[in-house]
Amino acid sequence: MVKKVAILANGGDVSGFNAVIRAIVKTAENNNIECYGFIDGYRGLLKNNYVRLCTNNSENASGILPKGGSIIGSSTNANVFHYPVEENGQVVYKDLSDVCVENVKKDGFDCLFTLGGDGTQKSARDFSLRGINVIGVPKTIDNDVACTDITFGYNTAVSVAADALDRLHTTGETHHRIMVLEVMGRYAGWIALESAIAGGADIAFIPEIPYDINCAVRKIEERRKMGKEFSIVVVAEGAFPKGGDISVESVRHNGTGVDNNKLGGAGSKVAKELEKLTGLEARCTVLGYMQRGGTPTAFDRVLSTKYGAKAMELAMEGKFNVLTVIKDGKLDAVSLEDVVGNNKEIGAVSGNTKESNIRKVTMDHDLVKTARSIGICLGD
């Protein structure tokens, strides 16, 4: 019987983290189960740094439903299976996962809830192979976690991007400019595609479709013939031209097993090319972390609450080593092995490899069909 559980939030912050935490805690409290939170994701698990979580009165998990970020922090670069350690003035990488396993057992946690995306759930699967009861909850604004229809945090990010497009419309129309909005999403184009539809964009470049800039030029010229002297373009940070590469701003040194490429510059590149080819002024806005922060939408509050409550229910039913998912609009659970796919190597957590199982936009998806039907140019 489950009596004591722990939560960790890992990866980039999203709106909805706290709503999931709150739902897990409240469901646990209603069933006389103690709930704790590791501070700063897997790094907190390694350091065995955790706090008790409660919703009574003014306790730490009370009143957090509308709050962005995570009250227990998060880490974006803590792969405990390849963790940087300094020895004799040199940085070496060691597998410290056994320390984490020992911490969970010593603390008496019957289940560990992992709130995170592709990399987080890969590590969760690896811990499940080492005897830890794990239940994952799919988080990421990128919406690219395998086996689920939607991740929490995604809807808020799309809403922020759509609002930005509404604002760019007025400036573009007033000054007869091409307004380019670069959005997040890394190797999946969900944010770019859905915000383009919601925000009335004319062109959308996503990583799944290498673009021909001349297709965008033709679209802009068609609009000019109709008397529309401005155009709105959405560019995913991972979009790239046919025969070209993704735009990498810098390469970080956060260790092996994590994606060290910091993407950036895709939107600016498109804006410069369009200005040169069309003769219209083009401006690029990089939305960046605006997509991650702030109050979650009502949709994300409800989705996060559903995910958190379901995760705790699964724990009470003894159904471990799974990921809570939404399939065909209904709550369900799938094996973490299915989420990992062919990415079987212990400690290898980075996405966008042949072995990774991240969920990308497919050409038969309704969003693609809808975009094409209403005349959005996808660059192909």
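Just so it is clear, none of the values below were taken in a lab; they were calculated from the coordinates. Since we're looking at a predicted model, the values are computed, not measured. With ideal geometry, Cβ positions are generated from the backbone for all residues, glycine too; neighbour counts draw on all protein chains shown.
Some points to look at:
- Degrees, to the nearest 10: 97-107 long Cα axis against longest axis of the chain: 50
- Arranged from fewest to most other beta-carbon atoms within 10 Å of their beta carbon, 156, 278, 297 become 278, 297, 156.
- Taking other C-beta atoms within 10 Å as the exposure proxy, 106, 228 rank 106, 228 from fewest upward.
- Translational D in µm²/s for region 166-214 (Stokes-Einstein at 37 °C, 0.692 mPa s, Kirkwood Rh from C-alpha pairs): 279
- Taken about its Cα centre, the chain carries a charge dipole of roughly 360 debye when the Cβ of each Lys and Arg holds +1 and the Cβ of each Asp and Glu holds -1.
- Taking the square roots of five times each eigenvalue of the Cα gyration tensor of the chain, the equivalent ellipsoid has semi-axes of 40, 22, 18 Å, listed largest first.
- log10 of Debye I(q)/I(0), alpha-carbon scatterers only, for region 17-85 at 0.24 Å⁻¹: -1.03
- Span from the region 349-380 Cα centroid across to the region 65-94 one, whole angstrom: 31
- Restricted to Cα atoms, region 82-151 shows a radius of gyration and a Dmax of 14.7, 48 angstrom.
- Gaussian network model of the chain, Cα within-10 Å springs - most flexible of 181, 129, 112: 129
- Cβ crowding within 10 Å, taken as a proxy for footprinting-reagent exposure, orders 364, 95, 144 from fewest neighbours to most as 364, 95, 144.
- For the chain, calculated [θ]222 nm from helices alone, where every DSSP H run of n ≥ 4 adds -39500 (n - 2.57): -10500 deg cm²/dmol
- Projecting the Cα atoms of 65, 350, 239 onto the charge dipole of the chain (Cβ charges, centred on the Cα centre) puts 65 farthest toward the positive pole.
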